[in-house]
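Below is one structure, written out as C-alpha cells, with a few remarks after it.
The values are calculated or read from the model by the stated rules, or taken from the named source; none is laboratory data. What you see is a predicted model; the values in this text were computed from it and never measured. Reconstructed Cβ throughout: ideal geometry from the backbone, glycine too, with neighbour counts over all protein chains shown. SASA here: full protein model, heavy atoms, side chains in, ligands and nucleic acids out. Shrake-Rupley method; radii C 1.70, N 1.55, O 1.52, S 1.80 Å.
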Amino acid sequence: MRIRKRLKSLGHVLLPLDHPVEGIMGTVITAALMAAYSEPPVHLGAVVLGTAVAVVVYWLTHVYAEEVGHGPVEGRAFAKRRLMSTLRKQWALVEASFLPLIVLLVVFALGVRPSRALLVADLAAVLLLVVWGFVTAWRHGIRGLQLFLAGLVAGVLGLVIVVLRALVH
C-alpha cells in the first residue's frame, strides 16, 4: 500500500493533473526554453539549470500577477492565506517542467548526443501537451472526436515550438 501511495505521489509531481492550466503553461514554457538552448554546442548543465531557473521565475511571476489581480485585503497587498494557496496552485507550472527535463537527462545518460537528447525532450513535451489536452477536455465532459481534437490541437501547438526550433537553428 505504501508503494502505491508513493507512486501516486510521484505521478502527481510529474503530471500535476489538479491544475491543468498551470501544467500546460509550464510544459509550453519548458519546451520553448529547451528549444532556445538547442544551438550547438549544447551544454546539458546549462539547459537544465537555465530552464529550471527560468521556470521558477515564471512561477513567481504568475503568483505575483495573480495576487496583484486579486487586489489588497484589509489594506495589505498580499493576504498570507491567499498567497500560500496561490503559491501551491501555481507550483504545477514548475512541476510540469520535471518530466521533459527528466527525459532530457535520461536520454543523455543512455548515450545520446546532447542536441538529440534535447530534441527527444522537446518531443516528450509535445506528447505531454497532448496528454494535457485530453485530460482537460475529458474533465469538461468532452468525448469522442472532440476529445481527440482537443489532444491534437494541444500537440500541434507543441509541434509549432519544435518546428520553430528547427527553422531558427
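Brief remarks follow.
- Residue check, His70 within 25 Å of Ile161 (Cα to Cα) and either touching a residue at least 12 places away in the same chain (Cβ under 8 Å) or open to solvent by 20 Å² or more (accessible area, probe 1.4 Å) (or both): no
- Taking the range 39-89 as the range and being among the acidic types (Asp, Glu) and more than 19 Å from the chain's Cα centre (by Cα) as the test, the residues that pass are Glu39, Glu67, Glu74.
- Any hit, the range 77-92, residues being of a type in the set (A, V, I, L, M), within 26 Å of Val160 (Cα to Cα) and open to solvent by less than 30 Å² (accessible area, probe 1.4 Å): yes
- Condition check for Arg88: among the charged types (D, E, K, R) and closer than 16 Å to Val21 by Cβ: yes
- Close pairs from the range 30-51: first closer than 16 Å to Val168 by Cβ, partner in a loop (DSSP other than H, G, I, E, B) and basic (Lys, Arg), Cβ under 9 Å, at least 6 apart: Val42/Arg113
- When the criteria are applied in full, Thr51 meets the requirement of being under 30 Å from Val112 (Cα atoms) and surrounded by 11 or more Cβ atoms within 10 Å (Cβ to Cβ).
- For Leu110: the one exception among (1) closer than 20 Å to Pro40 by Cα; (2) surrounded by 15 or more Cβ atoms within 10 Å (Cβ to Cβ): (2)
- Members of the range 138-162 found to be within 13 Å of Ile24 (Cα to Cα), of a type in the set (A, V, I, L, M, F, W, C) and at pLDDT below 90, listed by number: Ala154, Leu157
- Qualifying residue in the range 35-45 (condition: closer than 30 Å to Leu167 by Cβ and among the aromatic types (Phe, Trp, Tyr)): yes
Quick grid of which residues meet (1) at negative phi; (2) touching a helix residue (DSSP H, G or I) at 6+ places or on another chain (Cβ under 8 Å):
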| residue | (1), (2) |
| --- | --- |
| Gly75 | no, no |
| Arg81 | yes, no |
| Arg88 | yes, no |
| Leu93 | yes, yes |
| Leu104 | yes, yes |
| Arg116 | yes, yes |
| Val130 | yes, yes |
| Gly144 | no, no |
| Leu167 | yes, no |
